[in-house]
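Written out below as structure tokens is the structure these notes cover.
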Amino acid sequence: MKHLAASITHTCCKIYPTITKPQCFVGNNQFTFLNQTSTFRDWNMNDNGLLWTFNLNYMDWLEQQNLTTEEGQKWIDLFIESISQNITGLSPYPTALRIINWAKFFCKHPKCLNQKRGDSMYAQTWLLCRKLEYHLLGNHLLEDAYALFIASIFFNDTALYRKGSRLLLEQLKEQILPDGAHYEQSPMYHCIMLDRLLDCINFSTQNNVFADQQQLTQQLTAVAVRMLGHLQAIVYQDATIPLLNDSAEGIAPSPCELFDYAQRLGLQWSPIELNECGYRKLSNKAAQMEAIVDIGNIRATYQPGHSHADTFSYELRWKGCPCIVDTGISTYEKGARRQYERGTEAHNTVSIDGQDSSHVWGGFRVGKRARVTIEEDTPTRIAARHDGFGRHRLHQRTFSISDSGFSIEDKVIGKVSSAISYLHVAPGIEVNTDRLADGIITIGGLQLTVEGHNEIEIRNDSVAKEYNQLMPTTIIAIHFSTVVKYQIQKT
């Protein structure tokens, strides 16, 4: 292991203010992650599952607003003292995030940096170099690259810079689509990856220590501008993200926080038309509606762990408020709930003979995937079909929006025993079924009118906006044979 020969050089490292993180350290040795609170025993404690333990070891909470400098130093020293027994914390992913968080902490509090802490951080960085997550790829490997790049500037280390910058440019080219979206197609992970990229730009612009660094910063900035443009295009009117694929609230920085951070760094951007990401936005001011629809294929084909069987699903908002919502994610723990939340039935789309449109399994696996053919793609009307239920059993869906409202036409082609089109109503919205026999359901101040159905089934279920928080809601399950149409309009 190389010794930290230049531990004092990074005391000159300066950065613009970064994004403040949520309060997770709540005092008295207690931490709250994923809406679960536990008292610290050791860094490997797994009372609430692996993701909770990972969050403990990320040490993002060093960036929370009310954490004192003394408290931050105490936890850093405790981590160093326990490092030989910390199996979880030395995994590559938490190591990468922790390196970034320690670098930001020491830049903001340079007097907290001493030889012991600097040496530990440097050793962890080189440990990460030997354990880069090529076996997982995706956002994991990109986080590794972010960490190496930031550490190279922090330690003024040329070897780290060469390795980190090469990996970073390689993965950004691979993972950021031409329309600026992160290729795992999760708005939540897009925000997380953008936050880290802005951190890289922050460190690089404020600490120019390598010969070609200015040119590299320009390349990173160009990618960040695309990512900001995508985010600007996909957010709702209230600047919140759609909860598509593995997305939840309370994890990533909000779009507003990201936009403010980018402005502090002097970045300028404009919305980019949604294209390769597979999402489209349909909106109508007269109807006061906006919808995000999914007509895309899985883009991270070799790492679809955060993908769902949600082809042709959508979310709908009316007057800026959720109306039809995604089921969301409440857990990463492998089990029945995780399987359900990734399955087709948990989304606002069609299931044929009880099957998923793509074969999701094992918590983070996808087997056979739906292949989409787009037939019409305009700002007010989108038509597409997919073969996720088999080559001879197709689902064709048409989305339309106009002054009169939002409408769907579903058609199934081939030998089909049963087909169900699902709608998940936002929690707290009253559903009135007095006119159910006529195919009419009142959803708050909106009316759902259905044609061509065999039966309309009303179910009680739950959705999740955040991890480990399920909220009761109503599911409308429209049974049909060949073609069904429904329209959502103001009552």
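Every number here is computed from the coordinates shown, using simple stated rules; none is lab data. Since we're looking at a predicted model, the values are computed, not measured. Don't worry about glycine lacking a Cβ; one is built from the backbone with ideal geometry, like all the others, and counts go over all protein chains shown.
For LYS411, the lysines whose Cα falls under 27 Å of its own Cα, not counting residues fewer than eight places away in the same chain, are LYS281, LYS368, LYS485, LYS490.
Within straight-line reach of LYS131, meaning a Cα separation under 19 Å, sit the following aspartates and glutamates at least 8 residues removed in sequence or on another chain: ASP119, GLU143, ASP144, ASP157, GLU170.
For the range 282-384, trypsin sites (Lys or Arg not before Pro) meeting the loop criterion (DSSP other than H, G, I, E, B) and having at most 11 other Cβ atoms within 10 Å: LYS285. Compared with the alpha-carbon gap, the fully stretched path from LYS116 to LYS285 is longer by 54.9 nm at 0.36 nm per residue. On full extension, the segment bounded by LYS334 and GLN36 gains 105.5 nm, given 0.36 nm per residue less the C-alpha separation. Between ASP260 and THR301, the modelled label-to-label distance comes to 4.2 nm, taking each label 7 Å out from Cα in the direction of the beta carbon. Legend: P(r) of the range 246-397 from all alpha carbon pair distances, 10 Å bins from 0, whole percents, reading 10, 34, 36, 17, 3, 0. Compactness of the range 9-264 is given as radius of gyration and Dmax, 17.3, 49 Å, from Cα positions. LYS173: which lysines have alpha carbons under 17 Å from its alpha carbon, excluding same-chain residues fewer than 8 sequence positions away? Hits, sequence-local ones excluded: LYS163. Using the Cβ-Cβ distance between VAL483 and GLN214 with R0 = 60 Å, the FRET efficiency computed as 1/(1 + (r/R0)^6) comes to roughly 0.50.
Relative to the longest principal Cα axis of the chain, at what angle does helix 69-81 sit, 0 to 90 degrees, rounded to 10? Relative to the chain, helix 69-81 is tipped by roughly 80 degrees. Normalised by 2.2 N^0.38 Å, where N is the number of residues, the alpha-carbon radius of gyration of the chain equals 1.03. Using only alpha carbons, the range 185-224 has a radius of gyration to Kirkwood radius ratio (Rg to Rh) of 1.07.
Rounded to the nearest 10 degrees, the inclination of helix 115-129 to the longest alpha-carbon principal axis of the chain is 50 degrees. Expressed as a fraction of 2.2 N^0.38 Å, the value expected for a compact globular protein of N residues, the C-alpha radius of gyration of the range 331-469 is 1.14. Between the helical axis of 213-234 and the longest alpha-carbon principal axis of the chain there is an angle of about 30 degrees.
Output the Kirkwood hydrodynamic radius of the range 319-386, Cα pairs only, in Å rounded to one decimal. Answer for the range 319-386: a Kirkwood hydrodynamic radius of 14.0 Å. At an R0 of 22 angstrom, the distance between the Cβ atoms of ASP47 and GLN469 translates into a FRET efficiency of 0.80.
Ordering ALA300, ILE408, GLN30 by Cα displacement along the dipole of the chain toward the positive end leaves ALA300 in first place; charges were set at the Cβ atoms of Lys, Arg (+1) and Asp, Glu (-1).
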